[in-house]
Amino acid sequence: FALSSQGEAKRLGLVGWVQNTSHGTVQGQIQGPTSRVRELQEWLRKIGSPQSRISRAEFSNEKKIKALEHKEFQILK
């Protein structure tokens with residue numbers, strides 16, 4: 001799921017990170033234009049990677065930032 005999420009984020013021109021958790025979930029941070037962030041959120045809610053089974057997607061701690069804090073979209077281990 002993380003690799004597919006990274007690819008979609010890069011396609012949308014977003015930066016941040018994503019990582020799989022030991023609980024079988026995914027967590028991350030997305031930064032970029034609001035409309036593009038919303039596009040990725042919809043993709044994460046409804047499509048995801050071909051092998052994924054999405055039961056729920058939660059997004060929290062949203063805030064406006066003055067400058068991007070990341071240079072690219074990475075997969076953390």
(request) Could you work out the Kirkwood radius for the chain, taking every pair of different alpha carbons, averaging 1/r and inverting it, reported in Å? (result) 12.7
(message) Using the Cα centre of the range 1-75 as origin and beta-carbon charges of +1 (Lys, Arg) and -1 (Asp, Glu), tell me which of T21, W43, A2 is placed farthest towards the positive end of the dipole.
(response) W43
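Using the Cα centre of the chain as the reference point, and only Cβ charges (+1 on K/R, -1 on D/E), how large is the resulting charge dipole? Debye, rounded to the nearest 20. Numbers along the way, then the final one.
Details: 13 positive and 7 negative charges, 14 e Å.
Charge dipole, the chain, about its Cα centre: 60 debye, nearest 20.
Ordered by packing density, taken as the mean number of other Cβ atoms within 10 Å over each peptide's residues, highest first, how do 69-75, 56-62 rank? Don't skip to the answer; put the middle values down first.
On the way: 69-75: 14.0, 56-62: 8.1.
Result, highest mean Cβ count within 10 Å first: 69-75, 56-62.
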(request) Could you rank W17, W43 by how accessible they are, 1.4 Å probe, largest area first? (result) W17, W43
(message) Below 8 Å between Cα atoms, with a sequence gap of 6+, how large is the relative contact order for the chain in percent?
(response) 44
(request) Can you figure out the FRET efficiency of E62 with Q19, using R₀ = 30 Å and their beta-carbon distance, to the nearest 0.05? (result) 0.95
(request) Just the number, please: percent antiparallel of the DSSP beta bridges in the range 1-75, rounded to the nearest 5. (result) 65
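The values are calculated or read from the model by the stated rules, or taken from the named source; none is laboratory data. Computed from a predicted model, the values in this text were never measured in an experiment. Counting neighbours? That spans all protein chains shown, and the Cβs are built from the backbone with ideal geometry, glycine included. Heavy atoms of the whole protein, side chains included, go into the accessibility calculation; ligands, DNA and RNA do not. Shrake-Rupley method; radii C 1.70, N 1.55, O 1.52, S 1.80 Å.
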